Amino acid sequence: MAPKLGTLEELPQDYRDALSEAGVAPLWPMMRNVLPHDAPRPVTRPGHWDFEKLRPLLLKAGELTPVEKAERRVLVLSDPGRGTGAMQATSSIYIGMQLLLPGETAPAHKHTPSAVRIIVEGKGGYTVVDGEKLPMEEGDLVLTPGGEWHDHGHDGNEPVIWLDALDLPLFVYLEGSYAIESELQAQRNRPDASQVEYRASGLAPARRAGTQIRRYPMMRYPWSRTEEALREMARYGDGEVAELDYVNPETGEDVLPTMGFTAMMLAESQKVSPPRRSTSAVFHVIRGSGTTTVDGETIAWKAKGTFSAPVFAAIDHQAAEESFLVQIHDRPLQERLRYYEERPR
Ligand code: 1HN
């Protein structure tokens, strides 16, 4: 049993005044705020954002604010536990929905946080990362690792919308977040590495003496391949949920240092109750519909919608139809800090 700790009120007023004057405070009345017993007490609340609601608001932003005045035309998905305007969906994950209209460009910059795009709607959009042109097709996952130049463009003729996930809250907390701006980048005139060097899983460019392997060898993960792989996993999974982690094809490690991405396929009526995890998570629905209960709150989700869960949440998914989701989480960060944990339900 944890002992009951003394309170501030128990201390004489003149002593409390003297402490304030000296710029110090007693730890014991505040100890449980920062070290609660047994498990964290998250500020984060479960969130849910229907695409049907966000889409017209985002298109309206396209009428109201030219991209030149926004640099990035984004609506930020705020954690309900922190209130609208909070630049985070969970403790460590920032999520926004970005709109680019035909012919528009978003200028190059690079920054300390890492970003990932999941494409929600539209054809013809692309991101250029360090000179590599990465086409954006629905469901694709596109990396913009910290420190890499990136700009966006649009060759198509309908609005393009994508979800941005960044480890921004962490960098803000560390007072380590900043950007450097520049002009649009020159593009190498060749398809991206997912279509050339890493076209087939299990194969990588031949090593030679002195071969330098890029830290981020493949920055686009086409959805068509993810879906095909999930279907085969589901077919031979004996009813186990089909889940695939996005990994670096050279190292097998998570694609980024802090954020991880896991694609999941649920069959019609399939129920899944994962263990409670020390990670916080955001789920983006690629296709399908269903319900998820997060710590007793039931969320009815649909295609292109997004919902979130705090750390150690009790999560129960049930698909109404065949569904595909991508989970954005912070397991890589927690493994690096050596505290990632799962607790059985
Ligand atoms: C950013 O660089 C992008 O490059 C999008 O598209 C959203 C949110 C906060 C900080 C940087 C982008 C961002 C961002």
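Brief remarks follow.
- Among the residues making up the range 85-111, those that are in a loop (DSSP other than H, G, I, E, B) and either on the phi < 0 side of the Ramachandran plot or within 12 Å of the ligand (Cβ to nearest atom) (or both) are Ala86, Met87, Gln88, Ala89, Thr90, Ser91, Ser92, Ile93, Leu101, Pro102, Glu104.
- The condition of being at positive phi, at pLDDT 95 or above and of a type outside the set (Gly, Ala, Ser) holds for only one of Asp79, Asp50, Asp38, that being Asp38.
- Ser177 meets each of the listed conditions (1) hydroxyl-bearing (Ser, Thr, Tyr); (2) in a loop (DSSP other than H, G, I, E, B); (3) surrounded by 23 or more Cβ atoms within 10 Å (Cβ to Cβ) apart from (3).
- Residue within the range 56-66 that is surrounded by 19 or more Cβ atoms within 10 Å (Cβ to Cβ), within 14 Å of the ligand (Cβ to nearest atom), among the hydrophobic types (A, V, I, L, M, F, W, C) and farther than 25 Å from Phe324 by Cβ present: no
- Candidates are the residues of the range 239-278 that are in contact with a Phe, Trp or Tyr (Cβ under 6 Å, 6 or more places away or on another chain) and among the hydrophobic types (A, V, I, L, M, F, W, C); the one that is surrounded by the fewest Cβ atoms within 10 Å (Cβ to Cβ) is Val255.
- The residues on offer are Gln185, Gln212, and the sole one that is touching a strand residue (DSSP E or B) at 6+ places or on another chain (Cβ under 7 Å), surrounded by fewer than 19 Cβ atoms within 10 Å (Cβ to Cβ) and modelled with pLDDT under 95 is Gln185.
- Lone unmet requirement of (1) surrounded by fewer than 16 Cβ atoms within 10 Å (Cβ to Cβ); (2) over 23 Å from the mean Cα position of the chain (by Cα) for Ser224: (2)
- For the range 67-98, a residue qualifies if it is among the polar types (S, T, N, Q), crowded, with 16+ Cβ neighbours inside 10 Å and more than 28 Å from Glu158 (Cβ to Cβ), and the qualifying residues are Gln88, Thr90, Ser91, Ser92.
- Here the range 279-296 is the region considered, the condition is being more than 16 Å from the chain's Cα centre (by Cα) and assigned to a loop (DSSP other than H, G, I, E, B), and the residue that is surrounded by the most Cβ atoms within 10 Å (Cβ to Cβ) is Gly288.
- Residue match in the range 335-342 (condition: farther than 16 Å from Pro275 by Cα, at pLDDT 95 or above and part of a helix (DSSP H, G or I)): yes
- Among the conditions (1) more than 19 Å from Val142 (Cα to Cα); (2) outside any loop (DSSP other than H, G, I, E, B), the only one that Ala206 does not satisfy is (2).
- Elements of the type helices (runs of 4 or more DSSP H) sitting completely within the range 1-68 and holding at least 2 residues that are small (Gly, Ala, Ser): these cover 13-22, 51-64.
To keep it simple, each residue is scored yes or no on (1) at negative phi; (2) out of contact with any helix residue (DSSP H, G or I) (no Cβ under 8 Å at 6 or more places or on another chain); (3) in a loop (DSSP other than H, G, I, E, B).
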site	(1), (2), (3)
Arg214	yes, yes, yes
Thr226	yes, yes, no
Glu243	yes, no, no
Pro249	yes, yes, yes
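- Exclusive hit being without any contact (Cβ under 8 Å) to a residue 24 or more places away in the chain and under 26 Å from Ile328 (Cα atoms), set Tyr173, Tyr178: Tyr173
- Within the range 300-334, the residues that satisfy the criterion of being in a strand (DSSP E or B) and within 20 Å of Trp162 (Cα to Cα) are Trp301, Thr306, Phe307, Ser308, Ser323, Phe324, Leu325, Val326, Gln327, Ile328, His329.
- Check on Lys133, more than 23 Å from Tyr94 (Cβ to Cβ) and among the charged types (D, E, K, R): yes
- Scanning the range 192-203 for residues that are touching a residue at least 40 places away in the same chain (Cβ under 8 Å) and either outside any loop (DSSP other than H, G, I, E, B) or surrounded by 12 or more Cβ atoms within 10 Å (Cβ to Cβ) (or both) turns up Asp192, Ala193, Tyr198.
The values are calculated or read from the model by the stated rules, or taken from the named source; none is laboratory data. Everything numeric here is computed off the predicted structure, so don't read it as measured data. Quick reminder, even Gly has a Cβ in these numbers, built from the backbone with ideal geometry, and neighbours come from all protein chains shown.
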